[in-house]
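For reference, the structure is listed below as structure tokens.
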2 protein chains.
Amino acid sequence: MRIGLDIGGTKIDGVAVAPSGAVLDRVRVATGSGPDAVLANTLRVIRSLVDRTGTPTTAVGIGIPGLIDHETGWVRHAVNLGLSEVALGPLVADALGVPVQVENDVNVAALGAAQAMQLDGPRAYLNIGTGLAAGLVVDRRLWRGARGNAGEIGHVPVLADGLPCVCGQRGCLETVASGSALATAWPGHAGNAATDLFDCADAGDPTAIAVRDRFVAGVASAVRILVVTVDVESVVIGGGLAVLGDRLLAPLRACFDAAARSSPFVASLGLSSRVLLAPTDQPLAALGAAFTAPESAIAPA
Amino acid sequence: MRIGLDIGGTKIDGVAVAPSGAVLDRVRVATGSGPDAVLANTLRVIRSLVDRTGTPTTAVGIGIPGLIDHETGWVRHAVNLGLSEVALGPLVADALGVPVQVENDVNVAALGAAQAMQLDGPRAYLNIGTGLAAGLVVDRRLWRGARGNAGEIGHVPVLADGLPCVCGQRGCLETVASGSALATAWPGHAGNAATDLFDCADAGDPTAIAVRDRFVAGVASAVRILVVTVDVESVVIGGGLAVLGDRLLAPLRACFDAAARSSPFVASLGLSSRVLLAPTDQPLAALGAAFTAPESAIAPA
């Protein structure tokens, strides 16, 4: 049995996974803030899963939002969790006596989506949350790139005169196609800016339609860059904004179909059939964390 | 001994390569036009290399500009060579009784550069010729992507109101950062538009400086997209415009350094040290053709 954890800003989502891939049990607790609370709650979830299943775990995988050194298991920065320079992997490995792998949250969600959707070959998982980033997976294994940064597509500039980005550049894809971009472009909607925007656009509000179409065009750019540059077989849309479901997918495909009509090259890419939605009813990140590569896991000291 | 051929618009460049990677001999002949001439001249180069080295060849790799099916060895379209739907791989394999691999010319040049420069890990070879395209290589093996189209970065749109591209889109990178883009932006220079442009820019011509800087910014965009999306360790600049050498590399690095000053993210990428020039004194495409994967070669019937 393997355990996968998705440590998010508000909760830790843990699953126990059988060698077959079947989810045996699932536990969720509040994350807390700061290294002591996060470590204690992490161990609590793991021990709870072991107790409830009555099965020892052979490995633990952890996904966490922030800058991770997957080789050492250290969390460099995870601002939302109050973590900076924390040896999370080694600490958990030492406490439990099993190998632990720590990964970026988008990467584990990418692995989880490939696993849950049974996608082989090269695939991208495009996470549209507060930010915009992709995880690349080849045959259900992570493609990390030379320095562990593959898929940072949110920081490709696409508008010469665009908005300033948190990264210091201007007009990055993240300034157009992300939750934070929608919150800026459709302000004053404290609940879910995306749902509200799409509702207003559906109701015919011309400003909402323009904002929505600009967002969809940005997502389309991200998908196209991934397909043209990496030639992934498909791009799976995930993250918080994947709850938009077909309301996002339909205009996205319309955008690709319009481009295909004027460009034989775009038509040859077959983009409409290469963009997929991640399932929103499964703990993809926790599931993917359980499938992170065991051979590079941090062994207990 | 393996033989690698670079079939170009004007000449066929062939090398015989020892198992050590050493180039044993090199033969060049005019390509000719149409299937009969190209096939006859291809066989002539191969037989000449076998005769001159006195060594039988165990495999042949061929690089050719155009749309190739590397699995079947068919050339779908190679407009400059007058080829359309030609079974080049099977025909050469049958004539010589050795396995033959046919590849896109940019892909074989990418392999040749990785081999000649001894580059391991993930690398991109950015070919700036008439068009703009990249070949991706991981540990000196081609990364073709899901459908054999990885690295088609020339057709990523970067300017919303840009020039029409041959692909049917507008503002593609190829409309900014390619030999054809320079010929359009700096017209009336029949010899080498790039060299003339850079000469005039160096002499202080403000129009030439503006055209050069726009070209360099386009190349910088291509490099940045490859590093950010694929996280290749380096991007090797090759193709016809690589003869610009340091005259291209110096402003390119200045462009990266300026972006790094305003963006910690760009600074963290270390782009200046990740862009390299391909050697211009070696037959990279022919060399790379000799190193194409033998396991997927077309066997003689």
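The values are calculated or read from the model by the stated rules, or taken from the named source; none is laboratory data. Nothing here was measured: the structure is a model prediction, and the numbers come from that model. No Cβ is skipped: glycine too gets one built from the backbone with ideal geometry, and neighbour counts run over all protein chains shown.
Some points to look at:
- Checked against (1) of a type outside the set (K, R); (2) modelled with pLDDT of 95 or more; (3) under 23 Å from the mean Cα position of the chain (by Cα), A:A254 meets all criteria but (3).
- Residue tally, condition over 29 Å from B:D199 (Cβ atoms) and either in contact with an Asp or Glu (Cβ under 6 Å, 6 or more places away or on another chain) or among the aromatic types (F, W, Y) (or both), over region B:230-281: 1
- Residue ID - farthest from A:M117 (Cα to Cα), chosen from residues in region A:3-51 that are assigned to a strand (DSSP E or B) and among the β-branched types (V, I, T): A:V29
- Scanning region A:32-55 for residues that are surrounded by 15 or more Cβ atoms within 10 Å (Cβ to Cβ) and over 22 Å from A:G97 (Cα atoms) returns a single hit, A:G32.
- Restricting attention to region A:103-159, the residues that are part of a loop (DSSP other than H, G, I, E, B), under 19 Å from A:R170 (Cα atoms) and within 14 Å of chain B (Cβ to nearest Cβ) total 6.
- Selection from region A:221-251 of residues that are touching a residue at least 40 places away in the same chain (Cβ under 8 Å) and of a type in the set (V, I, T): A:V223, A:I225, A:V227, A:V228, A:V230, A:V232, A:V235, A:V236, A:I237, A:V243
- Of the criteria (1) in contact with a strand residue (DSSP E or B) (Cβ under 8 Å, 6 or more places away or on another chain); (2) surrounded by fewer than 24 Cβ atoms within 10 Å (Cβ to Cβ), which one B:G129 fails: (1)
- Residue among A:G204, A:G240, A:G245, A:G168 that is surrounded by fewer than 18 Cβ atoms within 10 Å (Cβ to Cβ), more than 26 Å from B:R147 (Cα to Cα) and touching a Phe, Trp or Tyr at 6+ places or on another chain (Cβ under 7 Å): A:G168
- Scanning region B:181-189 for residues that are touching a strand residue (DSSP E or B) at 6+ places or on another chain (Cβ under 9 Å), surrounded by 15 or more Cβ atoms within 10 Å (Cβ to Cβ) and in a loop (DSSP other than H, G, I, E, B) turns up nothing.
- Unique residue being among the aromatic types (F, W, Y), farther than 16 Å from B:A133 by Cα, buried (at least 21 other Cβ atoms within 10 Å of the Cβ) and not assigned by TED's automatic domain parsing to the domain that holds B:K11 when the list is B:F291, B:F198: B:F198
- Pairs where the first residue, in region A:70-96, is in contact (Cβ under 8 Å) with a residue 60 or more places away in the chain and the second is of a type in the set (D, E), C-beta under 9 Å, 6+ apart: A:H70/A:E103; A:G89/A:D69
- None of A:A278, A:A181, A:A267, A:A201 is touching a helix residue (DSSP H, G or I) at 6+ places or on another chain (Cβ under 7 Å) and within 14 Å of chain B (Cβ to nearest Cβ) except A:A267.
- Region A:264-277: number of residues that are surrounded by fewer than 21 Cβ atoms within 10 Å (Cβ to Cβ) and touching a Leu at 6+ places or on another chain (Cβ under 9 Å): 3
- Failed criterion for B:A146 (all others in (1) of a type in the set (A, V, I, L, M); (2) closer than 30 Å to A:S262 by Cα; (3) touching a residue at least 12 places away in the same chain (Cβ under 8 Å) hold): (3)
- Test for A:L126: is it assigned by TED's automatic domain parsing to the domain that holds A:S180 and at pLDDT 95 or above: yes
- Residue in region A:204-235 that is nearest to the other protein chains (Cβ to nearest Cβ), counting only those that are hydroxyl-bearing (S, T, Y) and in contact with a Leu (Cβ under 8 Å, 6 or more places away or on another chain): A:T229
- The single residue among A:N80, A:N104 that is at pLDDT below 95 and surrounded by 19 or more Cβ atoms within 10 Å (Cβ to Cβ) turns out to be A:N104.
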